[in-house]
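This report concerns only the one structure given below.
Since every read-out is calculated from the coordinates, none of them should be taken as a lab result. Remember, it's a predicted structure, so these values are computed and weren't measured experimentally. Using ideal geometry, Cβ is built from the backbone for each residue, glycine included, and neighbour counts are taken over all protein chains shown.
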Amino acid sequence: MANKGFHKTLNENRTEEVASIIEKMPTKFGTIITAVAIGLVLLLLLFGWLIKYPSILSGQIVINTKQAPVKLIASTAGNIILLQDKSNAVVKTGEYIAYIKNEANLKDVQLLNIILHKINIHKVNYKENRNLFPENLSLGEINNKYFNFLNSLYQYLDYTVQQPYEFQKQINEKLLELQTSKIIQLKSDFQNQKIKYQTSQSLFKKDSTLYSKNVTSKADIEHSIIAKANSELDYNAIDKEINNTNYQIKEAQNKSEVIAIEKAIKERELIINMFNNYYDLLDNIKKWERMYVFVTPIDGKIDFLNFIKNNDYIQSGQELFKKIPDNNQIIGQVNLPENGSGKVKVDQNVIIKLNNYPYNEYGSIKGKVKRISLATNQQTLSDNQNKINSYLVDIDLPFGLKTNYGVELNFHAEAKGTAEIITEDRRLIERFFDNLRYKLK
């Protein structure tokens with residue numbers, strides 16, 4: 001009982017002390033604490049609204065041009081001769097950069113190629129083309145094709161000058177003209193001889209009648225018989241000559257047709273042979289170029305892929321040069337894993353960070369989604385074992401390679417990096433309430 005009284009007295013004393021302390025506590029301090037707490041809450045709400053925490057999808061990006069760079073690869077092994085020894089030099093389409101030593105003289109092949117493209121093979125003529133092509137060129141494996149073409153060209157040009165069928169045609173036409181004149185004369189002679197023959201027959205009948213009546217002598221009737229026979233012979237001879245001449249005229253006419261046909265066949269044969277050898281020679285020059293020469297396929301800059309110098313031995317299949325097109329639009333190409341790719345839409349913003357330009361130092365490049373492939377393709381990961389399905393996404397670079405730090409980056413073909421596609425540009429507070437709503441569900 002004594003203990004209970006003690007505790008009751010103690011509690012009463014404590015309550016009085018606490019109440020005294022509370023009564024003495026300043027109200028201003030409580031107000032400050034409350035204001036600070038409210039301020040912190042408001043700041044958190046403000047920063048939660050101002051700070052953006054977007055949803056992103058990442059993928060590997062390659063910076064390229066719309067027209068891809070072209071690699072020049074050695075087609076055969078041998079010692080190389082450089083015709084362009086400076087990297088990033090501007091070159092034109094068809095320009096020779098280097099070549100592999102071979103039996104052909106490069107300048108001779110170039111000269112021949114220029115001449116072949118200079119002439120119009122469909123309108124060659126003796127005066128301009130007979131001595132146009134030099135015969136002392138050193139062309140290596142192209143030599144046979146070159147002389148085959150020269151032979152066919154000279155045959156055609158010589159034919160156009162000599163015109164053997166034209167000469168035959170003129171002779172035949174002259175013969176036909178003579179035979180035509182002859183047949184006209186023979187027909188006139190035939191009519192005259194016909195009258196003579198008919199007259200001799202009439203005289204023979206009269207003389208025969210007179211002889212039968214003993215009016216004329218035997219000599220007279222014999223003379224009449226001879227005259228009739230001679231007239232008949234002459235008549236038949238002229239008729240036969242007319243038939244022979246008509247036959248010769250038909251032969252001459254047929255020969256004219258044969259000459260025309262043979263002429264057309266010969267000309268077609270010579271032209272086709274010349275065309276075949278011409279284009280065959282051009283094809284072989286192209287093959288020779290593909291085998292031994294590094295030719296620029298497009299205008300732009302040439303980039304060396306290896307340190308090389310004259311007379312270095314080059315292996316077949318070795319990549320030596322890369323051709324960068326001029327004035328070409330720069331684009332990004334992203335391999336985007338299919339997981340979550342449904343969120344990606346055209347015109348969404350993209351943040352690009354290149355491997356060869358550290359992000360902290362140079363900043364990032366801004367891009368926009370331009371196109372998304374309709375189907376996936378398999379992409380091999382860096383471990384060369386696992387494969388994933390990915391979409392191909394084209395990225396437009398409206399500001400080129402200018403970063404958010406204001407730095408203009410130099411273009412490097414096939415530069416690699418990371419692309420972060422902003423699928424939903426949300427605020428931090430929105431994401432907080434999204435998470436809260438998700439947990440409540």
Task: Student exercise, the stretch 156-315 dipole from Lys, Arg, Asp, Glu Cβ charges, in Debye to nearest 20 - done: 780 debye
Task: Label-point separation, Glu241 to Glu424 (7 Å along Cα→Cβ), nm - done: 11.8 nm
TODO: Using the Karplus curve 6.51 cos²θ - 1.76 cosθ + 1.60 with θ = phi - 60°, work out ³J(HN,Hα) for each residue of the stretch 363-378 in order, rounded to whole Hz, and write x for Gly and Pro.
DONE: x, 10, 9, 9, x, 9, 5, 9, 8, 10, 5, 7, 10, 8, 9, 7
- [ ] At 0.36 nm per residue, minus the direct Cα-Cα distance, what do Thr199 and Gln253 gain on full extension? Give it in nm, one decimal, please.
- [x] 15.7 nm
- [ ] Just need the relative contact order of the stretch 162-286 here, percent rounded to a whole number, with Cα pairs under 8 Å and 6+ apart.
- [x] 40 percent
TODO: Return the distance in nm (one decimal) between the two label points of a simple spin-label model at Tyr279 and Asn230, each offset 7 Å from Cα along Cα→Cβ.
DONE: 7.4 nm
Task: FRET efficiency estimate (nearest 0.05) - Cβ-Cβ, Val70 to Arg130, R0 35 angstrom - done: 0.30
Task: In Hz, Karplus ³J(HN,Hα) per residue of the stretch 55-64 (6.51, -1.76, 1.60; θ = phi - 60°; x = Gly, Pro) - done: 7, 10, 10, 9, x, 7, 10, 10, 8, 9
- [ ] First measure r as the distance between the Cβ atoms of Gln315 and Gln378, then evaluate 1/(1 + (r/R0)^6) with R0 = 51 Å and state the FRET efficiency to the nearest 0.05.
- [x] 0.95
- [ ] Provide the per-residue ³J(HN,Hα) series for the stretch 117-133, in order, calculated from phi with Karplus coefficients 6.51, -1.76, 1.60 and θ = phi - 60°, each as a whole number of Hz, with x at glycine and proline positions.
- [x] 7, 7, 7, 9, 4, 7, 9, 6, 9, 4, 4, 8, 10, 5, 10, 6, 8
Open item on the list: Testing the spin-label approximation: label points 7 Å from Cα along Cα→Cβ at Asn120 and Leu175. State their distance in nm.
Closed with: 3.8 nm
Task: Potential extension, Asn144-Lys402 segment - 0.36 nm per residue separation minus Cα distance - done: 87.2 nm
Task: Over 32 Å (Cα to Cα) - which of Lys127/Lys169; Lys86/Lys402; Lys123/Lys322; Lys86/Lys145; Lys322/Lys345; Lys66/Lys345 fall in this group - done: Lys123/Lys322; Lys86/Lys145; Lys322/Lys345
